[in-house]
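Quick notes on the structure that follows.
The values are calculated or read from the model by the stated rules, or taken from the named source; none is laboratory data. What you are looking at is a predicted structure, and each value in this text was computed from that prediction instead of being measured. Every residue, glycine among them, receives a Cβ derived from its backbone with ideal geometry; neighbour counts consider all protein chains shown.
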Amino acid sequence: MSMSVKSTLQRSSGAIRLLEAHDRISTEIVRDMKGLDGESFEGIWISGLTQTTYLGIPDTEIVSPLYRAILQATNLNALSSRSRPLCIAFDADSGGPISDIPALVAVLAEIGVSMVIIEDKVLKEPGKKVNSLLSANGSQSQADATEFGKIIQTFKKCAEGTDLMITARIESFNVRITQDDPDEEAASIQSSLEDALSRAEIYKKCGADAIMIHSKSTKPTEVLNFLVRFRQTDQTTPLVVVPTTYSTTSRQSLVDAGANVIIYANHLMRAKIQAIENPLWKCLSQNPYLFEGDEEARACVAARNYGCLLRILPERQYRESE
Ligand code: SPV
Ligand code: MG
């Protein structure tokens, strides 16, 4: 049995925390581990980025969310069998083909997912989604709010009578083109904030049960400003945040501003890469001929941090983003 995000939110006084898991062993680790504060994670995030990394392909939606959900059904089939039930949130990228949505929602229900997050990105071409953390100006495109609202409506209709929370993810901060001039930059940030707030209203009217606000800024300001402004007029709709780039921000400050769900989106994959590469690097230094002539393998082994996750992926855009 998995836990429903909705009922867990109703019982929780602070924010619930979800940690990325991309296979069975990482799911079991999340189930057993506690944070430094001694508290357990309430559940897992099935991340597009780490699921595709696990498959060795880029996070560009070349495989549909439906395909990833089906894959997860085999990977996570241990969910029901172990001691502590977990909440499961699923990253549905841009939602995939609209004709897939009924099947996607059915598979998600089957594997116990109770929150699905759909982002208002638009793919320039099929299979060419750009990951939100990539910084190249203008590389990401946002969907028209009304068109995206129709996708939310379709998810909502398919999920009727279930506990699945349809969550609209707003990318206004990530698609923004940064400006050199400080005044123009401040105006651009402000207009993204207003755009994000007005999209939140549209998506709620289309049936969104929760809103996720994303940002690739290393400072939490954009997200905190959104949370505070949103909460001035709506104290109930759950708000979801992903503090990957602004990771030094305390959980309490996000909760105080109005966040209800905090997703730690790629940590187990990053930990796994380090756990593999560190002993391997040691082994390599003891045996310098191990990878002789194989520059690609050397590059993988030598990588040290998040950049490594991007570097091992074959797409040129990831290399350019380093
Ligand atoms: C993911 O984990 O796949 C996400 C979050 O969508 S991010 O990579 O930050 O866009
Ligand atoms: Mg994703």
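Selection of the range 16-57 for residues being part of a loop (DSSP other than H, G, I, E, B) and either without any contact (Cβ under 8 Å) to a residue 12 or more places away in the chain or surrounded by fewer than 22 Cβ atoms within 10 Å (Cβ to Cβ) (or both) yields D23, M33, G35, L36, D37, G38, E39, G56, I57. Of all residues in the range 99-125, those satisfying the criterion of being in a loop (DSSP other than H, G, I, E, B) and in contact (Cβ under 8 Å) with a residue 40 or more places away in the chain are I111, G112, V113, S114, D120, L123.
Listed here are the residues, each with its yes/no results for (1) within 16 Å of ligand 1 (Cβ to nearest atom); (2) more than 18 Å from T244 (Cα to Cα); (3) at pLDDT below 85; (4) of a type outside the set (D, E, K, R).
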| residue | (1), (2), (3), (4) |
| --- | --- |
| E28 | no, yes, yes, no |
| G35 | no, no, yes, yes |
| I44 | yes, no, no, yes |
| L49 | yes, no, no, yes |
| L79 | no, yes, yes, yes |
| R82 | no, yes, yes, no |
| A92 | yes, yes, no, yes |
| S99 | no, yes, no, yes |
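Applying the criterion of being over 18 Å from L123 (Cβ atoms) and not aliphatic (A, V, I, L, M) to the residues of the range 48-60, the residue that is nearest to ligand 2 (Cβ to nearest atom) is T50.
Evaluation of L104 against the conditions (1) at pLDDT 85 or above; (2) out of contact with any helix residue (DSSP H, G or I) (no Cβ under 7 Å at 6 or more places or on another chain) shows that the sole unmet condition is (2). Being under 22 Å from V63 (Cα atoms), β-branched (V, I, T) and within 15 Å of ligand 1 (Cβ to nearest atom) is a property that V113 has. Looking only at the range 170-222, which residues are assigned to a loop (DSSP other than H, G, I, E, B) and in contact with a strand residue (DSSP E or B) (Cβ under 9 Å, 6 or more places away or on another chain)? Within the range 170-222, E171, C206, G207, A208, D209, H214, S215, P220 meet the criteria.
If you go through the range 231-261 and keep only what is crowded, with 21+ Cβ neighbours inside 10 Å and hydrophobic (A, V, I, L, M, F, W, C), you end up with L239, V240, V241, V242, L254, A259, V261. Residues of the range 134-154 that are assigned to a loop (DSSP other than H, G, I, E, B) and either acidic (D, E) or surrounded by 20 or more Cβ atoms within 10 Å (Cβ to Cβ) (or both): Q140, A143, D144. Taking every residue in the range 233-250 that is away from ligand 1 (no atom under 16 Å from the Cβ) and pairing it with any residue that is in a loop (DSSP other than H, G, I, E, B), at least 6 positions away or on another chain, the pairs with Cβ-Cβ distances below 6 Å are P238/N260. The single condition among (1) among the basic types (K, R); (2) modelled with pLDDT under 85; (3) touching a helix residue (DSSP H, G or I) at 6+ places or on another chain (Cβ under 8 Å) that R68 does not satisfy is (2). Remark: pairs (first residue in the range 128-148, at pLDDT 85 or above; second residue more than 16 Å from ligand 1 (Cβ to nearest atom) and of a type in the set (S, T, Y); Cβ separation under 9 Å; 6+ apart in sequence or on different chains) = A145/S198; A145/Y203; F148/Y203. Remark: pairs (first residue in the range 164-180, touching a residue at least 60 places away in the same chain (Cβ under 8 Å) and of a type in the set (F, W, Y); second residue in a loop (DSSP other than H, G, I, E, B) and crowded, with 24+ Cβ neighbours inside 10 Å; Cβ separation under 6 Å; 6+ apart in sequence or on different chains) are absent.
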